[in-house]
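**Student:** Take this structure first; my questions come after.
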Protein chains: 2
Amino acid sequence: MAGNNDADGTGLPASVEAAWGLRDRPVKGPKPGLSLDRIVAAAVDVAAAEGLGAVSMGRVAKELGASTMALYRYVSAKEELYLLMQEAAMGTPEPLPALESGADWRAALGEWAWAQRRMFHRNLWALRIPIGGPPASPHSVAWWEQGLQALSGSGLPEGAKISVIMLVSGFVRNEALLMSDIAAAVEEKGVPAEEVMTRWERTLKRLVDPVRHPALVSLLETEDLAEPDHPDHEFVFGLERVLDGVEVLVRKETRGAE
Amino acid sequence: MAGNNDADGTGLPASVEAAWGLRDRPVKGPKPGLSLDRIVAAAVDVAAAEGLGAVSMGRVAKELGASTMALYRYVSAKEELYLLMQEAAMGTPEPLPALESGADWRAALGEWAWAQRRMFHRNLWALRIPIGGPPASPHSVAWWEQGLQALSGSGLPEGAKISVIMLVSGFVRNEALLMSDIAAAVEEKGVPAEEVMTRWERTLKRLVDPVRHPALVSLLETEDLAEPDHPDHEFVFGLERVLDGVEVLVRKETRGAE
DNA sequence: CAGTAGAGCGTACGGCATACGCAGAAGTCG
DNA sequence: CGACTTCTGCGTATGCCGTACGCTCTACTG
């Protein structure tokens, strides 16, 4: 098995189906010495410790004490391994307190965004995985469901709800991607994060021309860009803006309905 | 030249400085047969035609009728070539009508977002370039300057302005990245975009469990997700929400100031 | 007319994903 | 119990990739 993709026309790679319990292993031949779970776990360990770039088929196999080609009995291509790693990183969303207590949609959606951010920050390497097509996996579906439930009391039409979900999760993902970029830069060069930021600010100042960039000049004069005092600041600001924007829509919608 | 990075402690790779006119070529040896511009242009052509994955040093060299290693006289590593390609893709921002006519900050910022989106969609391959650290290049600086100018009439403090700029451009980038993912999937498999979407919807329906995902079920029943009738729809919706959110802040800020 | 800096590039190395086929293990069936 | 089937692990090989190194030859400086 795990030979070709989409062997049964379902649109899903075979190994993915196996991982989701949609398919069972045959009983004939010798007992498998490895397992999808162990392979994915080993790959995730490598990615977490040394970045996604260190994840190669050979490296993962070495970690498991197996040969490179042994992995291909479980996974038909590296891309499939990536997919499973992503799924493992995403995990099952934690229950939201605001959802249980029946609070505001805004409180619930805010908590949802924060939970998603925490998840991404725990697995910054996952953001470096190149994606192919829109995501459809059990765990991402679970996240969507939770987001939709957070919006259940908002009174928005269904189409608007899913758009809001995409907007918010896109925002969270984008912010986390920025962090991942910085983390990657930190890891590659030897310098710490602070050094990266000051170096960036220096380069910026070198590029800015007072004549062509008056607004930037006045910004650089009044503001200290490389301020690591509150790494959450940009996220908090953006999230507040987005939630405000959603709230405007909610108010417009509910006013029209009454 | 183009040997090591950061030879003069400015924090910039040598070839990048050369591309920005901060450094001039020596006059001693034989005349260069190639040029940075031609190399970057060839690389961009390949990326535009066959995707970023097709861009390899050997391939670009072949396009120029030169040997692979000849490129390394101009660029010290592939990553530098990526950087220059990105810069070429970004280009100089077009002037915004709303800025010239002195219109609303909201109209100007909206136009800015649309212009940025157009730029990304012209160069979807550029979004697949793995980034290292925060961007600082002449063209991205020019884009920021324009965004800040759009906000000049908003009355926001400088720090809030740059945060808004990052929020909006992050939103635009994220939406374009989604499109780039779909485009990459379309290119890799033979199927057209429509087929990708319906296939995605089918997989989704297969994953959704009525018991654990009640909100998603009702969404899938009422809404047709794979609707290519208006590909801009998601972008329009998100941008409106974000601008609404910014407007809330602007109103709060100006009310406090008066 | 030396001297020399730099251009182009051939070769080589190490790493990567993965196609293919073989040996042997663990079941099933007569 | 044996023959047959099916599946595992893996050795080998192929063809990409980025790029370090060093050679040759060019075109300029003194």
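**Student:** Filter region B:180-196 down to the residues that are within 8 Å of chain A (Cβ to nearest Cβ) and open to solvent by 50 Å² or more (accessible area, probe 1.4 Å) and list them by number.
**Tutor:** B:Glu188
**Student:** Right, here's the next one. Out of (1) surrounded by 18 or more Cβ atoms within 10 Å (Cβ to Cβ); (2) among the acidic types (Asp, Glu); (3) farther than 24 Å from B:Met197 by Cα, the odd one out for A:Asp104 is which?
**Tutor:** The one condition A:Asp104 does not meet is (1).
**Student:** Residue check, B:Gln146 against (1) more than 7 Å from chain A (Cβ to nearest Cβ); (2) crowded, with 20+ Cβ neighbours inside 10 Å; (3) farther than 21 Å from B:Leu99 by Cα, all met but one. Which one?
**Tutor:** (3)
**Student:** Restricting attention to region A:131-143, report how many residues are more than 7 Å from every other protein chain (Cβ to nearest Cβ) and either open to solvent by 40 Å² or more (accessible area, probe 1.4 Å) or of a type in the set (Ser, Thr, Tyr) (or both).
**Tutor:** The number of residues fulfilling the criteria is 4.
**Student:** Another one. When you go through A:Leu127, A:Leu177, A:Leu156, A:Leu109 one by one, which is the residue that is out of contact with any strand residue (DSSP E or B) (no Cβ under 7 Å at 6 or more places or on another chain), more than 8 Å from chain B (Cβ to nearest Cβ) and outside any helix (DSSP H, G or I)?
**Tutor:** It is A:Leu156.
**Student:** Looking only at region A:197-255, count every residue that is within 10 Å of chain B (Cβ to nearest Cβ) and over 31 Å from the mean Cα position of the chain (by Cα) and tell me the total.
**Tutor:** 17
**Student:** Going by what's in this entry, would A:Leu243 be described as more than 30 Å from A:Gly155 (Cβ to Cβ) and crowded, with 20+ Cβ neighbours inside 10 Å?
**Tutor:** In short, no.
**Student:** Give me the residue from region B:197-219 that is more than 27 Å from A:Glu79 (Cβ to Cβ) and part of a helix (DSSP H, G or I) and, out of that set, least open to solvent (accessible area, probe 1.4 Å).
**Tutor:** B:Leu219
Residue-wise test of (1) open to solvent by 20 Å² or more (accessible area, probe 1.4 Å); (2) away from DNA strand D (no atom under 16 Å from the Cβ); (3) touching a residue at least 60 places away in the same chain (Cβ under 8 Å).
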| position | (1), (2), (3) |
| --- | --- |
| B:Leu34 | yes, no, no |
| B:Ile39 | no, no, no |
| B:Lys62 | yes, no, no |
| B:Ala88 | yes, yes, no |
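**Student:** Would you pick out the residues in region A:159-171 that are more than 8 Å from chain B (Cβ to nearest Cβ), without any contact (Cβ under 8 Å) to a residue 60 or more places away in the chain and either hydrophobic (A, V, I, L, M, F, W, C) or not in a helix (DSSP H, G or I) (or both)?
**Tutor:** Of everything in region A:159-171, just one residue is more than 8 Å from chain B (Cβ to nearest Cβ), without any contact (Cβ under 8 Å) to a residue 60 or more places away in the chain and either hydrophobic (A, V, I, L, M, F, W, C) or not in a helix (DSSP H, G or I) (or both), namely A:Ile165.
Quick grid of which residues meet (1) within 16 Å of DNA strand C (Cβ to nearest atom); (2) charged (D, E, K, R):
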{"position": "B:Ala54", "(1), (2)": "yes, no"}
{"position": "B:Glu80", "(1), (2)": "yes, yes"}
{"position": "B:Glu87", "(1), (2)": "no, yes"}
{"position": "B:Leu99", "(1), (2)": "no, no"}
{"position": "B:Gln116", "(1), (2)": "no, no"}
{"position": "B:His121", "(1), (2)": "no, no"}
{"position": "B:Ser140", "(1), (2)": "no, no"}
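**Student:** From the list B:Tyr82, B:Tyr72, pick out the single residue that is within 16 Å of DNA strand D (Cβ to nearest atom) and open to solvent by 50 Å² or more (accessible area, probe 1.4 Å).
**Tutor:** B:Tyr72
**Student:** Within region A:21-34, can one find any residue that is assigned to a loop (DSSP other than H, G, I, E, B), outside the structural domain of A:Ala183 (by TED's automatic domain parsing) and modelled with pLDDT of 95 or more?
**Tutor:** No: zero hits.
The values are calculated or read from the model by the stated rules, or taken from the named source; none is laboratory data. All values reported here derive from a predicted model rather than from experimental measurement. So basically every Cβ, Gly included, is an ideal-geometry build from the backbone, and we count neighbours across all protein chains shown. The accessibility values were calculated without ligands, DNA or RNA, using every heavy atom of the protein model including side chains. Shrake-Rupley method; radii C 1.70, N 1.55, O 1.52, S 1.80 Å.
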